[in-house]
1. Cut-off is 10 Å between beta-carbons; in what order do Ser130, Ser96 appear when sorted fewest neighbours first?
2. Take every DSSP beta bridge with both residues inside segment 184-332 and express the antiparallel ones as a percent of the total, to the nearest 5.
3. Mind listing the phi-derived Karplus ³J(HN,Hα) values for segment 123-128, rounded to whole Hz, using 6.51, -1.76 and 1.60 with θ = phi - 60°, and x for any glycine or proline?
4. Can you give me the distance in nm between label points at Met268 and Arg294, each placed 7 Å from the Cα along the Cα-to-Cβ direction?
5. What order, most packed first, do the peptides 272-279, 217-224, 229-236, 287-294 have when packing is the mean number of other Cβ atoms within 10 Å of each residue?
6. For segment 132-155 and segment 31-97, compute the distance between their C-alpha centroids and round to whole Å.
7. Can you give the alpha-carbon Rg of segment 171-284 over 2.2 N^0.38 Å, where N counts its residues?
8. Amide H of Leu221: which non-local residues (sequence gap of 5 or more, or other chain) have their own amide H closer than 5 Å, using H built in the peptide plane?
Amino acid sequence: MSTTQLPPFSTKALAAPALFFPQYDNPPRYDFDQGMPDPSTYPLEALQACADQVIKTQGQAACGYFGLAGRSEMIYGYAGLRDSIASWVGKRDKLSLDRKNIMLMNGSAAGLSMIANALVGPGDGAIVESTTFPYMASFLESTGATVFRAAVDSEGLVVEDAERCLREMKGQGLVPKLIYTIPTFHVPTGVLMPLARRQQLLDLARCWNVYVVEDNCYNELWYDQPTPPTLLSLEPGGRVIQSDSFSKMLAPGLRTGWVVASPEVASMIGRMRPDLGVSQFTSHVVNAWMANGRLDEHLNRVRPLYRRKRDIAADALRRHCGAFVKFHVPQGGIFFWLELAPGIDGQKVRETLLREGVACRPGERFAGATAENGYLRMSFLQVDEDEIERGVALLGQAFAAAST
Ligand SMILES: Cc1ncc(COP(=O)(O)O)c(C=O)c1O
């Protein structure tokens, strides 16, 4: 390629946060960084059998832009999978849903981006949690809306602080529009919002007439007891938009997520689709896989394995890192949120971890501009069960070397 001077990039691209990739030359030996399921649980043979079946029985429809349900599938996605998801979510959330309530997405991140674009813009105010899934904070910011951060405590979003943000928005002449929350196994802290807090949050949303975007992608990964009712199930009238995904409960490379919304809200979100739809083929395969209760069976199989990994990681953290970090044991999800003791040089910890091939996500990735580097998010599912302890021991050594 020649190195001729090219025109500048757009102001929007230049203002967007740089993509974050840890600087590992080779894959890290202990990858506590990415939030993924345990790769050994991917049901490869079953997916292959489903792909064969789809090619044999629905090959032409599955390879088109859309199938028998028509062009609307380019906006909403394959109707068969939407029917299956509507029935599965409807049963769990005790709601009567159908395909008009479900829009398939290229992963839930794509859905969150479309939701942000459909609901807010310049002059609007949106709330995210003080530490949050950073992509959604950027999606909201890139619409021109003003984003406020509300505190999170051991029960999730602090509703009084969200109310403070709403008042501030009003004071600044902004239109309060939405609250984005991860109530179930919050990212990055792993905390679970109990029922009473959920109700309090919905009361606030009703009172201020704002949407609530419920990011539900960790809901099924509970290890101690089933999760409280979803926000959607508590407020089914259209105010709550639920974002979900197969990424954490099945396999992220399928890039298959979805949004549950009222048909009116769903159609506005659909207007924001930036491409020609979600893969019909993958959606057919996932739908064939989901048949006959297979998703619940899969979840019942992975939960004990994940619970065991969580317990091994918690035990190793106590033994090797107890003097250097504070953490709580999450009741579900994929992450430990480690608060470094004062006097530990976060930068030095990172340099040592990089050298030792241990990957862990820096805490400030989840916070706004005001964040310090006193936290790490440790994902515990990807590393093999019998390797977790060794990786955590290296973490402990990195903390010790960086302590003053
Ligand atoms: C809270 C949260 N929401 C959404 C996503 C996006 O996942 P996907 O696009 O793979 O569904 C992630 C992925 O890490 C996440 O942690």
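Quick note: the coordinates plus some simple rules give every number you see, no bench work behind them. On a predicted model such as this, the values are computed, not experimentally measured, just so you know. Here Cβ is always computed from backbone atoms with ideal geometry, including for glycine, and neighbour counts include all displayed protein chains.
1. In increasing order of surrounding Cβ atoms, one gets Ser96, Ser130.
2. DSSP beta bridges in segment 184-332 are roughly 60 percent antiparallel.
3. x, 9, x, 10, 10, 10
4. 3.7 nm
5. Top of the packing list down: 217-224, 229-236, 287-294, 272-279.
6. One Cα centre to the other: 29 Å.
7. On the way: Rg = 15.5 Å, N = 114, 2.2 N^0.38 = 13.3 Å.
Cα Rg divided by the expected 2.2 N^0.38 Å: 1.17.
8. Gly333
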